[in-house]
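Worksheet: one structure, shown below.
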Amino acid sequence: MIDMDRQRAFAVLGLPDDASSDEIEALVNDRRRKLRQRIVFASTAEQRQSSERALVELESAHVVVTLPADDSESNLPNGSRIMLAMGSALGDRYVIRRRIGYGESGAVFAALDLTWGKEVALKIIRPELLLVPGTYERLETAVQAVSELAHSGVVSVYGVSKIEGHVVVAMELLPQQNLRVLLQDAPTLTGHGRRSGLTVGHIIDIVQGLCTALDYARSKTLHLNLKPDNVIISDDGFVKLTDFGLDSILGPALQITSPTAREQRRYRAPEQARQSETGSQGRTPIDERADQFSVAAITHYLLLAAAPYPDPSPVALRQMGLAKPMADALSRALSSDPREVSHQ
């Protein structure tokens, strides 16, 4: 494990602390190339290990000197905190670069994976969500199922592990633009009802991307956690889904304490919400219809810039500005009775 401050990091690089970003990148790239060559052509194990340690130190120093000015902790909705200092090492593998965000289940950080030499996203699970015996094992099973998915519409998940008292899910690092950010950046239209600023064509592309990814994944796993925050829009404009299955594992331990959390529950099928609240299955099984409900709820959000309330009537949806065919279809898809979804 390597931990260093900025002064030591610049000393490792042999640069003054006012070095430009171009000077830093040029030196690091040159030294990185030479160290990798030494590792490949090392004639003894000692030489290889020495070069590997030097490379780890170089990468750690690079991370520290290029860190943005940011705070060193992640505040979670319930007031608890996951303390990971920027530039610190997590185990012998990851160096924390920056905090990406946080949600009900934990905090997410961008980190440098020293084994693979690339940036990844690390979701640090809130420890209190794992107190029920068997939860970690169920999480392992869920992560394993998602890690076997290979689709452009599914965020790659590399695995789950316990490191220094943290439960860490490592995954593909993506841009921070999700559907919520996308709609916030698009102007809201007013007039006959409240509408999002997205075009119908753009909304169709997003929903088709959602359905394609879910259709591919359903042979191995359901999502059961679809909401705008978990639908990522990549740099090339494609939809990618993240957080598959986490709600079914961690949901019963989550406490709905904030307006944002309550709003996000409105994307969840009623039978799924009941199970999450009571911890029991109930009469209605949780199956792919729950994901269908969530897709309809996201469609409602994309069209009207708001999460749906239960059982919206076609008349109410038309008053909000939707055409009759869309209002009728959304009303059926957002029914609290899963049998209505099956008949579409």
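Quick look at the numbers
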read-out: Search result, residues across the stretch 9-32 that are among the small types (Gly, Ala, Ser) and in a helix (DSSP H, G or I); value: 9, 11, 21, 26
read-out: Given (1) closer than 30 Å to residue 136 by Cα; (2) in a helix (DSSP H, G or I); (3) modelled with pLDDT of 80 or more, index of the condition residue 243 fails; value: (2)
read-out: Lone qualifier among 120, 143 - being assigned to a strand (DSSP E or B), modelled with pLDDT of 90 or more and not assigned by TED's automatic domain parsing to the domain that holds residue 302; value: 120
read-out: Neighbours by Cβ (under 9 Å, 6+ apart or cross-chain): first from the stretch 35-64, assigned to a helix (DSSP H, G or I) and modelled with pLDDT under 85; second acidic (Asp, Glu) and loosely packed, with under 15 Cβ neighbours inside 10 Å; value: 56/92; 60/3; 62/25; 64/5
read-out: Residue selected from the stretch 65-97 under the condition within 23 Å of residue 18 (Cβ to Cβ), surrounded by 15 or more Cβ atoms within 10 Å (Cβ to Cβ) and of a type outside the set (Val, Ile, Thr), by the criterion modelled with the lowest pLDDT; value: 67
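The values are calculated or read from the model by the stated rules, or taken from the named source; none is laboratory data. Because the structure is a prediction, the values reported are computed rather than measured. For neighbour counting, all protein chains shown are included, and Cβ atoms are generated from backbone atoms with ideal geometry for every residue, glycine included.
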